[in-house]
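J.: Can you keep this structure in mind? I'll have questions shortly.
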Amino acid sequence: MEFSPNIVGFACQWCTYAGADLAGNLRCKYPPTVKLIKVPCSGRVEPEYVLDALSKGADGVFIGGCHFGDCHYKEGNYKTDRRMQLISKLIQEFGFEKERFRWEWISGAEGKKFAEVMTEYTEQLKKLGPNPVKEGK
Amino acid sequence: MADKIKFGFLLTGGCAGCEMAMVDLSENLLGALEHIEVVFWAPTVADVKYKDLEAMEDNSIDLAFVDGMVRLSEHEHMVKVLRAKSKVLVAFGACAALGGIPGMANVHPTGELFQQAYKDTFSTENPEDVYPQPEYLLDGKYNLTLPAFQDKVRTIQDLVDVDYFVGGCPPHHEFVAKAVELIISGNLPPKGSWLTSGKAVCDVCKRNPANENMERVPVEHVKRTVDGHPEEKGCLLQHGYLCLGPITQGDCGASCLNVNMPCRGCGGPIPGITDYGAKAVSAIGSILGSQEAVDELMEKFPTLSKLVYRYSLPASRLKSKA
């Protein structure tokens, strides 16, 4: 059976989650690999959640937030960006590939972009293979 | 008070600093000794062998402390035996509870560690490439053994059930006194708790800007302590020194901050934190004021995990694959 990655996604309720909604309304197609969790702000996503998902075998972790300047809480996404750069470095030091963790800015008007990002990310993870902590399971 | 509490103390992979912290109790320790009978204290105080501990009856020790992490097969064996012999087991100090400083080795493969320790250090001369072997047959008849070096540093909790945790490298003596008092009085918190106040270092830190009703300002420049002397006054985090005080247990009374050093997190996580390093990234990431500050941090701390997991790498959610 072909490997289908399991992506844990966090989406901010003001932008990316609305973008995912719009992708549905527009009948955009994207693979059913992402499990989307709605959060008040991408800045609410604790680095602990990312590590938790990876340590429990998620093949990829995705965070979606508003574009810079568009944050409902003014600067939540700047906070996300700074924290997540550090987390990205941290997981690489622990031996995880950089691609296992990705964050993007997708607005409520970008339904098409949401579908494209999910399709592309799924392809990328398919090439990368399963999360090493699963050890072939 | 009925019988004396039977007490055991085992040093595994540690530096004996935790034992020094016990001795630092001085007169308090003398007071405590009236209630405590030391039945096992190895290898620092009493000369006992594996078999002496193995010969004890199961659950015959009322209270046992372990300090140090698990790296050798010997540590693993002794911790498991001690667990079987003890009613209450306390992981004492940063190494036992979180992996401690030796835990930073987990981001390196074993070969690299051996190369550094037995070959590359400038004071080492090893032309024949001799490395420690767990077994060696001398003159064809003497079978010599050494404890085997394991792949990773592990915490005590990785191996056995731990009843209580005490942080600190080493635990601050006033705080050890509190823990000993708690144990003697029998007013213990639920199993699995840290025997701590639950307050953060910032809570007890004299430099905390909140004491002077000052607002938090973002950090524009990241500094290391090797770059110069931190200022005598004011919050070190606000000055750009990455201090882990906001997320670390402050039972030490902010003793590092009192002597101008940023907190490095030996006290262990404050309650509610599931991964110390991730929370450290969360705290540091939110205080950085610009992308330049992030770049500066990455440049000045090439191995980020050794900053945020200095005392707790083996206890991290992501076990290293290296």
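J.: Six or more apart or on different chains, Cβ atoms under 6 Å: show the pairs whose first residue is in region B:108-128 and under 19 Å from B:Lys319 (Cβ atoms) and whose second is open to solvent by less than 60 Å² (accessible area, probe 1.4 Å).
T.: B:Pro109/B:Ala322; B:Leu113/B:Ala105
J.: Something else about it: When you scan region A:80-95, how many residues do you find that are without any contact (Cβ under 8 Å) to a residue 12 or more places away in the chain, open to solvent by 20 Å² or more (accessible area, probe 1.4 Å) and either at the interface with another protein chain (Cβ under 7 Å from one of its Cβ atoms) or within 16 Å of the chain's Cα centre (by Cα) (or both)?
T.: Qualifying residue count, region A:80-95: 4.
J.: Please go through region A:86-120 and pick out each residue that is among the aromatic types (Phe, Trp, Tyr) and closer than 30 Å to B:Lys306 by Cβ.
T.: Listed by number, the residues that qualify are A:Phe94, A:Phe96, A:Phe101, A:Trp103.
J.: Also: Are any residues in region B:115-138 loosely packed, with under 15 Cβ neighbours inside 10 Å, within 26 Å of the chain's Cα centre (by Cα) and assigned to a helix (DSSP H, G or I), and if so, which ones?
T.: B:Gln116, B:Ala117, B:Tyr118
J.: Count, please, the residues in region B:81-111 that happen to be outside any helix (DSSP H, G or I) and open to solvent by 30 Å² or more (accessible area, probe 1.4 Å).
T.: Qualifying residue count for the region: 4.
J.: When you check B:Lys141 against the structure, is it farther than 26 Å from B:Ala16 by Cβ, out of contact with any helix residue (DSSP H, G or I) (no Cβ under 9 Å at 6 or more places or on another chain), outside the structural domain of B:Tyr276 (by TED's automatic domain parsing) and loosely packed, with under 11 Cβ neighbours inside 10 Å, yes or no?
T.: When the stated conditions are applied, B:Lys141 passes them.
J.: Residue by residue through region A:46-79, note down the ones that are within 13 Å of the chain's Cα centre (by Cα) and of a type in the set (Phe, Trp, Tyr).
T.: If the condition is that a residue be within 13 Å of the chain's Cα centre (by Cα) and of a type in the set (Phe, Trp, Tyr), then A:Tyr49, A:Phe62 are the ones that fit.
J.: Given region B:208-322, what helices (runs of 4 or more DSSP H) lie entirely inside it while holding 2 or more residues that are crowded, with 23+ Cβ neighbours inside 10 Å and within 13 Å of chain A (Cβ to nearest Cβ)?
T.: Counting at least 2 such residues, we get B:276-287, B:304-308.
J.: Return the total of residues in region A:45-79 being more than 11 Å from every other protein chain (Cβ to nearest Cβ) and either surrounded by fewer than 21 Cβ atoms within 10 Å (Cβ to Cβ) or closer than 24 Å to A:Glu120 by Cα (or both).
T.: Qualifying residue count for the region: 17.
J.: Another question about this same structure. For region A:9-44, enumerate the residues that are part of a strand (DSSP E or B) and open to solvent by 30 Å² or more (accessible area, probe 1.4 Å).
T.: A:Lys35, A:Leu36, A:Ile37, A:Lys38
J.: Only one of A:Gly64, A:Gly69 is touching a helix residue (DSSP H, G or I) at 6+ places or on another chain (Cβ under 8 Å) and small (Gly, Ala, Ser); which?
T.: A:Gly64
J.: Please indicate, with yes or no, whether at least one residue in region B:63-80 is in a loop (DSSP other than H, G, I, E, B) and charged (D, E, K, R).
T.: no
J.: Of all residues in region B:22-45, which are surrounded by 13 or more Cβ atoms within 10 Å (Cβ to Cβ), part of a loop (DSSP other than H, G, I, E, B) and not acidic (Asp, Glu)?
T.: Listed by number, the residues that qualify are B:Leu25, B:His35, B:Pro43, B:Thr44, B:Val45.
J.: Further, regarding this structure: Looking only at region A:91-113, which residues are touching a Ser or Thr at 6+ places or on another chain (Cβ under 6 Å) and assigned to a helix (DSSP H, G or I)?
T.: Within region A:91-113, A:Glu93 is the sole residue that qualifies.
J.: In region A:120-132, which residues are part of a helix (DSSP H, G or I) and either open to solvent by less than 50 Å² (accessible area, probe 1.4 Å) or among the aromatic types (Phe, Trp, Tyr) (or both)?
T.: Correct list: A:Tyr121, A:Thr122, A:Leu125, A:Pro132.
J.: So which of B:Asn260, B:Asn211 ends up being modelled with pLDDT under 90, more than 21 Å from A:Arg44 (Cβ to Cβ) and not hydrophobic (A, V, I, L, M, F, W, C)?
T.: B:Asn211
J.: Which one is least open to solvent (accessible area, probe 1.4 Å), of the residues in region B:150-178 that are modelled with pLDDT of 90 or more and basic (Lys, Arg)?
T.: Per the criteria, the residue is B:Lys152.
The values are calculated or read from the model by the stated rules, or taken from the named source; none is laboratory data. Please read all numbers here as calculations on a predicted model, not as lab measurements. Using ideal geometry, Cβ is built from the backbone for each residue, glycine included, and neighbour counts are taken over all protein chains shown. Accessible surface is based on the protein model in full, side chains and every heavy atom, while ligands, DNA and RNA are left aside. Shrake-Rupley method; radii C 1.70, N 1.55, O 1.52, S 1.80 Å.
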